[in-house]
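First the structure, in the form of structure tokens, and then the observations on it.
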Amino acid sequence: MLSSVAERWVSLRALRCAIILGYDTIATVCGLYGALLLRLTGEVPASFAAEARAAVPLLVFLRLVTVLAARLHRWSYRMSGHIEAARLAASMFAASVVFALGYRGLPRSVYVLEFFLTTSLMAALRFAPRFLEGRYVEWQRRGSVGTLRTVIVGAGSTGDLLARDLLRSEDGKYLVLGFVDDDPGMLGMHVSGKPVLGKVSDLPRFIAQLQISIVLLAIPRLPSERIREILDLCASSKASFKIIPGSYSYLDKRISAAMLHDLSPDDLLPRDPVAFDYEEIRGLVQGRHVLVTGAGGTIGGEICRQLALHGVSDLVMVDLNENELYLRARRLQDECPSVRLYTEVADIRELERLHRLAGQYRPEFVFHAAAHKHVPLMEDAPEEAVKNNVFGTLNVALMADRIGAEQLVVISTDKAVNPTSVMGATKRVAELVVRDLGRRSRTHMTAVRFGNVLGSAGSVIPLFKQQIERGGPVTVTHPDCTRYFMTVSESVGLVLLAGLGGYGELCVLDMGKPIRIADMARNLITMAGGIPGKEIPIVYTGLRPGEKLFEELLTEEEEQTLQVRNRIKIAKSPPPPPDLAQQLSKLWESAKTGDREGLLRAIEGLVPTYRRTPGMPIEIPLPAPAPASELPETVPVPGWAKKRRGAGWIDALTGGP
């Protein structure tokens, strides 16, 4: 059965080659006689006719030899392009040169005319099917339901390659109607058979005139500022957007429709993305034993992913949310099967549980990403923010110190700078705790401070997308509200370099210029094909409790920083207050008993720059406190911590060694 199929395939292939060679023979004869007719204005003397008949065998032989040598009989009709056209022309030219040198009985101009005529006839057979197929496909798409009428921004090589691939794309949903480009030399030109309609500034007019459904951005490494300008320009147009990512721009001759992705908030960052030296990261973590708290969250999960990709030996994923922990661990195990992966459901507020985990796995590096980070919710539950963000961080630091881990990296936030929220203030206190303990510990402890992470759980971007999908309204707190943004992978890569690089106690990650949240909302609506303020309204709801109009990266005392490398700065922070132990003790007692007013006063003592949200004091009726006799006298820190070094704020907090 197989042999008969193979024989049939070989016979069909041989027949195909014979047809091509037969056509080339006819094309050669027609080319020669056509050249004579053109040269002699339609009247060929008998002598020249005889010379032509004599020359035909030699010319046909030369043409067929070059066709076979250049493998022009093995032709791909669908994939032929300018390279194949050049190969055809070069082969025919070589045959013409040999023919002219070997046979001199014809006028010289006949040799030139014959070359052009024969080459054209041979090219017609080879390129006509692709041309006709393209016109037929385009005709079909014009009449199909669901076809996306498309314009491409950028008529350069990337746009040309993209347009060609879209024409060949099997899904057939794109109908390219033209290009726009700001290069004056391209205006009026045709690229891949499509006109360059005008400049980018004319894009809204072309969207309306041609009923464009989608705009494809095909300019390599298009700056984010330019992307935002295009979105603002098209804000009143109902067209969605896709882009060729900058990471694909180097592929040059392999641009395809599969590389297109929806324009995302990552593309709107007002700076170039941070480039990492992945070999440097690999050198820091390869073969190491690492523990990550908050591993079920966006940041903690991405830390785990990048650690696994860079070759850690053992990875312990710790989180209280067992469902998210399970799902992330399962995806990560499929992606990196060689990593020994362990999942542990644990609460960072339980110190003994953390000590047992450390004793079991003995991590060399600890990344602490677990935190309560929702600003308004923490305004309503400040004691929970204190227990988790302050004393949970203390527990992780004590665990790392006890086990003798080499590095502890704590994730902090720009909301810790001049905080107006309990969440930000507790993160500021956590920085103080880590800095103070780290100065007396064998473990190098670093807090890394950055801002909002695009697409992280609880961030504004996923909320905007959900609201847009529902048709709005999109809710923005204030028209002038700005925030610093980073991508998830970018922030985690920088955390790995900053935290493990041994640079200092507090690393600040430079995120460029802040972005107006209202502008981000409008751009997201435009990217989704809606019209901001008309089809999808934007509603300003006012700042919520604890929120600020503008975030900051540094306090006034920290302004004198040392930039150790791209995007990483070391903050020169003042030392923790000398009475840190007593103030922490008051904070713990207030959090434990639910005394919110006392808790806020304790925070104000620890963080003098903390200001409660103007006009929004926390005044909640509290139950009567429990009798003092029912309260423990000290913070429940294990005995080993009381005996460490015999002095310092740990001993003061726990009542002495």
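Where strands (runs of 3 or more DSSP E) fall entirely within segment 328-444, those with at least 1 residues that are at pLDDT 95 or above and among the charged types (D, E, K, R) are at 340-345. Restricting attention to segment 354-407, the residues that are within 22 Å of D436 (Cα to Cα), among the acidic types (D, E) and more than 35 Å from the chain's Cα centre (by Cα) total 1. Residues that are surrounded by fewer than 17 Cβ atoms within 10 Å (Cβ to Cβ) and either assigned by TED's automatic domain parsing to the domain that holds V410 or not in a helix (DSSP H, G or I) (or both) occur at least once in segment 295-310. Can you confirm whether segment 481-500 contains a residue that is without any contact (Cβ under 8 Å) to a residue 60 or more places away in the chain and either in the same structural domain as S412 (by TED's automatic domain parsing) or out of contact with any Asp or Glu (no Cβ under 8 Å at 6 or more places or on another chain) (or both)? No, because not a single residue in segment 481-500 is without any contact (Cβ under 8 Å) to a residue 60 or more places away in the chain and either in the same structural domain as S412 (by TED's automatic domain parsing) or out of contact with any Asp or Glu (no Cβ under 8 Å at 6 or more places or on another chain) (or both).
Among the criteria (1) touching a helix residue (DSSP H, G or I) at 6+ places or on another chain (Cβ under 8 Å); (2) among the charged types (D, E, K, R); (3) closer than 30 Å to G502 by Cβ, the one R440 does not fulfil is (1). Condition check for V316 on (1) touching a Leu at 6+ places or on another chain (Cβ under 9 Å); (2) farther than 16 Å from V409 by Cβ: one failure, at (2). Taking the criterion of being assigned to a strand (DSSP E or B) and modelled with pLDDT of 80 or more, the residues of segment 506-565 that qualify are L506, C507, V508, I515, R516, P532, I536, I538, V539, Y540. The sole residue among F61, F48 that is assigned by TED's automatic domain parsing to the domain that holds A123, at pLDDT 85 or above and assigned to a helix (DSSP H, G or I) is F61.
Quick grid of which residues meet (1) of a type in the set (A, V, I, L, M, F, W, C); (2) out of contact with any Cys (no Cβ under 7 Å at 6 or more places or on another chain); (3) at pLDDT 85 or above:
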| residue | (1), (2), (3) |
| --- | --- |
| A90 | yes, yes, yes |
| R104 | no, yes, no |
| L113 | yes, yes, yes |
| T119 | no, yes, yes |
| A124 | yes, yes, no |
| A128 | yes, yes, no |
| T147 | no, yes, no |
| R164 | no, yes, no |
| D182 | no, yes, yes |
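The values are calculated or read from the model by the stated rules, or taken from the named source; none is laboratory data. If you're wondering where the values come from, they're calculated on a predicted model, not measured in any experiment. Cβ atoms come from the backbone with ideal geometry, glycine included; neighbour counts cover every protein chain shown.
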